[in-house]
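Novice: One structure, pasted below without further comment.
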Amino acid sequence: LQKTLILLQVTLSVIVGKTLMILFPNAMKRYILKMGEKSRMNQNPKFSYENWGPTFFSFKYLQFVLKVKWKRLEDEAREGHPAPNTPVVTQGGEVCHLLDFMEDNRPLILNFGSCT
């Protein structure tokens, strides 16, 4: 049920966004660039709006957003339920999953910190 609701929400968002891009291209460009400021995407000199702006509200965009949102459903932690097996990256850059670090019946302790 949650996946269906997300599908409907994202699909409607993409349809509305694509329609607005066709009807009001300059206004949508300003809106997308403003979103890029929040994520600091536009601070990278190698990226220009012409490279990534038109991909917003495309079919590939729809697929990507659905994949991310559906994956996040699996990453929710709930008291009394098993821990989510979320992907993590080791210091060496290897991608693995959180529960890969479990050993027998020993508890897994996560320590988050900063090395600044």
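The values are calculated or read from the model by the stated rules, or taken from the named source; none is laboratory data. These figures come from a predicted structure and were not determined experimentally. Don't worry about glycine lacking a Cβ; one is built from the backbone with ideal geometry, like all the others, and counts go over all protein chains shown. For accessibility, only protein heavy atoms count, side chains too; no ligands or nucleic acids. Shrake-Rupley method; radii C 1.70, N 1.55, O 1.52, S 1.80 Å.
Novice: Charges on Cβ only, +1 for Lys and Arg, -1 for Asp and Glu, centred on the Cα centroid of region 56-97; of LEU73, PHE57, GLY92, which one is farthest towards the dipole's positive end?
Specialist: PHE57
Novice: List the longest stretch of the chain that has no exposed loop site; here a site is one of the trypsin sites (Lys or Arg not before Pro) assigned by DSSP to anything other than H, G, I, E or B, with at most 16 other Cβ within 10 Å.
Specialist: Numbers: sites that count: ARG40, LYS46, ARG78.
Counting at most 16 other Cβ atoms within 10 Å as exposed, the longest clean stretch of the chain is 1-39.
Novice: Oh, and also: Counting only heavy atoms of the protein chains, get the accessible area per residue of the chain (1.4 Å probe) and round it to a whole Å² value.
Specialist: So the chain comes to 85 Å² accessible per residue, rounded to a whole number.
Novice: If you don't mind, there's one more thing I want to ask. GluC sites (Glu not before Pro) within region 1-88: which are DSSP loop residues with at most 16 other Cβ atoms inside 10 Å?
Specialist: Sites meeting the loop and neighbour criteria: GLU76, GLU79.
Novice: Distance in nm between label sites at GLN9 and ASN44, each 7 Å beyond Cα in the beta-carbon direction?
Specialist: That separation, rounded to one decimal, is 2.6 nm.
Novice: Got a number for carbon plus sulfur as a percent of region 1-74's accessible area, 1.4 Å probe?
Specialist: 64
Novice: Let me ask another. Report which label in [x] -1.22, -1.77; [y] -0.92, -1.39; [z] -1.11, -1.27 holds the value of log10 I(q)/I(0) by the Debye sum over Cα atoms at q = 0.19, 0.23 Å⁻¹ derived from the coordinates of this structure.
Specialist: The calculated read-out lines up with [z].
Novice: Then there is this: When the Cα centres of region 78-116 and region 7-64 are compared, how far apart do they sit, in Å?
Specialist: Centre-to-centre (Cα) distance: 33 Å.
Novice: Show the residues, 5+ positions off or on another chain, whose built amide H is closer than 5 Å to the amide H of VAL88.
Specialist: Correct list: CYS96, HIS97, LEU98.
Novice: Multiply the residue separation of PHE56 and THR86 by 0.36 nm, subtract the distance between their alpha-carbon atoms, and state the gained length in nm to one decimal.
Specialist: Full extension from PHE56 to THR86 adds 8.1 nm.
Novice: Nearest 10 degrees is fine. How inclined is helix 25-39 to the longest principal axis of the chain, computing both from alpha carbons?
Specialist: 30
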